[in-house]
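Notes for the one structure printed next.
The values are calculated or read from the model by the stated rules, or taken from the named source; none is laboratory data. Note that the structure is a prediction, hence the values are computed from the model and not measured. So basically every Cβ, Gly included, is an ideal-geometry build from the backbone, and we count neighbours across all protein chains shown.
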Amino acid sequence: MDESMNEPLEQPPASSGLRGQYPEDVQVVSILDKSIILIGTAHVSQESADLVREVIEQEQPDCVCVELDAKRMEVLSQPKRWESLDLKEIIRKQQLSTLLVNLLLASYQKRLGDQLGVLPGTEMIEATRTAEKYGIPVALCDRDVRVTMRRAWRTTPFWRKSMLVSSLLLSVFDTTQVSEQEIRDLKKQDALSDMMEELGKEVPTLKAVLIDERDRYLAQKIHEAKGQKIVAVVGAGHMPGIQRTLKAQESVNLEELDVIPPVSGAWKWVGWSIPAIIVGSIIYIGFQKGAVAAGENALFWVLANGIPSAIGGVLALAHPLTILAAFASAPFTSLTPVIGVGYVTAFVQAYVQPPLVREFQSVAEDIAIPKRWWQSRLLRVFLAFLLTTIGSIIGTYVGGAKIVSNLF
């Protein structure tokens, strides 16, 4: 990692043209005739929101840039957004896992915000409101969050993905109280540098996508903002990288950073090779040992996949039709990487027991309480998705191992 990450941020010089005196969270970068005022914030800090408002009011910039994309802006500006979700359409598009991750993150941030008395992203909303109050244009400068998540997922090694998902789930149920002082401490440059360095060591590909790429993306969009005086509101962790990119006057190709890497050809080969091996093995057994032996192995495959998936549905307290769908579809969905049994069962569950409107309203709170996963119709859809998928994975391993062993 660049050693400059460990260097303290410079205080704005007296000649920087600032109208007010601000804390070290405010930094100025001058590029030719453009003055860029960077405000490093914590996303659940009232202190950050107050600072953002103060700087915009005093400096009266030509443009205010915020670390948001259109999707996240919509999320922050529409607190009741979950109520308008078309769950069946999300399942049809096979985006249920993405929705679950977003709900887990929203739940964690909401709980953190509840502890501190401020909603996540308050400083970003404060920036846009203050800018609108004074008729100042607002620029959304962050990369589409869906692109960021997909790039992160595609570039993260398989074994790391399971660790990340586990950590995310554990964080949702973590009841540790976080104080405003701890938030302030995390904004300090030395603490952030240590955290970024540790992330870089543990999961370098993840840091590259979530931090380094977005530093460069944000810097380019901020530099492209119209006007000579720009105020940019960004997370404190992005400050060093943005400053380095701006000061180096690096030209960043945004199109390259917006590309979602294709699925590895090796993974496609693996995805189709497993069903090919299973089907090929059953056919070969038929030639070698007869149709009865082939039928017995085919039946074993059906039961090995159907029973664990159905048990997953039972554990989810899913509707009987959902459990039946799990048993009937798992043997076939296991033979194709196109769709998993979880999406079949989730769709059936959402159809026969539609979630209630109030459950969409309270999902951010409910998701952090384990017992409510079984009490809420909405969260039970996710349980049906997860537990039947786990059952199918177990069944594929057991059934596949048994059938291949019968070849010998």
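What is the residue count in segment 318-341 for residues that are outside any helix (DSSP H, G or I) and either polar (S, T, N, Q) or over 10 Å from Ala384 (Cβ atoms) (or both)?
Residues meeting the conditions: 7.
So that you can scan it fast, the table gives a plain yes or no per residue for (1) touching a His at 6+ places or on another chain (Cβ under 8 Å); (2) part of a helix (DSSP H, G or I); (3) not assigned by TED's automatic domain parsing to the domain that holds Ala401:
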site: Val209; (1), (2), (3): no, yes, yes
site: His223; (1), (2), (3): no, yes, yes
site: Gly241; (1), (2), (3): no, yes, yes
site: Ser251; (1), (2), (3): no, no, yes
site: Val292; (1), (2), (3): no, yes, no
site: Ala298; (1), (2), (3): no, yes, no
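So Ala232 fits all but one of (1) touching a Leu at 6+ places or on another chain (Cβ under 9 Å); (2) within 23 Å of Cys65 (Cα to Cα); (3) in a helix (DSSP H, G or I); what number is the exception?
Result: Ala232 fails condition (3) only.
Name the residue that is farthest from Ile90 (Cα to Cα), counting only residues in segment 304-316 that are among the hydrophobic types (A, V, I, L, M, F, W, C) and more than 27 Å from the chain's Cα centre (by Cα).
Only one residue fits best here, namely Ala304.
Condition first: surrounded by fewer than 17 Cβ atoms within 10 Å (Cβ to Cβ), at pLDDT 85 or above and of a type in the set (S, T, N, Q). Now tell me which residues in segment 267-315 satisfy that.
Scanning segment 267-315 gives a single hit, Gln288.
Hey, can you tell me all the residues within segment 130-155 that are more than 23 Å from the chain's Cα centre (by Cα), part of a helix (DSSP H, G or I) and crowded, with 17+ Cβ neighbours inside 10 Å?
Selection gives Thr130, Ala131.
Could you grab me the full set of residues in segment 205-247 that are of a type in the set (A, V, I, L, M, F, W, C), closer than 14 Å to Asp258 by Cα and touching a strand residue (DSSP E or B) at 6+ places or on another chain (Cβ under 9 Å)?
Within segment 205-247, Leu218 is the sole residue that qualifies.
So, of the residues in segment 323-351 that are touching a residue at least 12 places away in the same chain (Cβ under 8 Å) and over 28 Å from the mean Cα position of the chain (by Cα), which turns out to be surrounded by the most Cβ atoms within 10 Å (Cβ to Cβ)?
Ala325
Please tell me if Pro12 is closer than 30 Å to Ala248 by Cβ, crowded, with 17+ Cβ neighbours inside 10 Å, at pLDDT below 75 and not β-branched (Val, Ile, Thr).
It is true that Pro12 is closer than 30 Å to Ala248 by Cβ, crowded, with 17+ Cβ neighbours inside 10 Å, at pLDDT below 75 and not β-branched (Val, Ile, Thr).
Tell me the residue from Val381, Val363, Val348, Val344 that is of a type in the set (Val, Ile, Thr), more than 28 Å from Leu303 (Cα to Cα) and assigned to a helix (DSSP H, G or I), please.
Matching residue, one of Val381, Val363, Val348, Val344: Val363.
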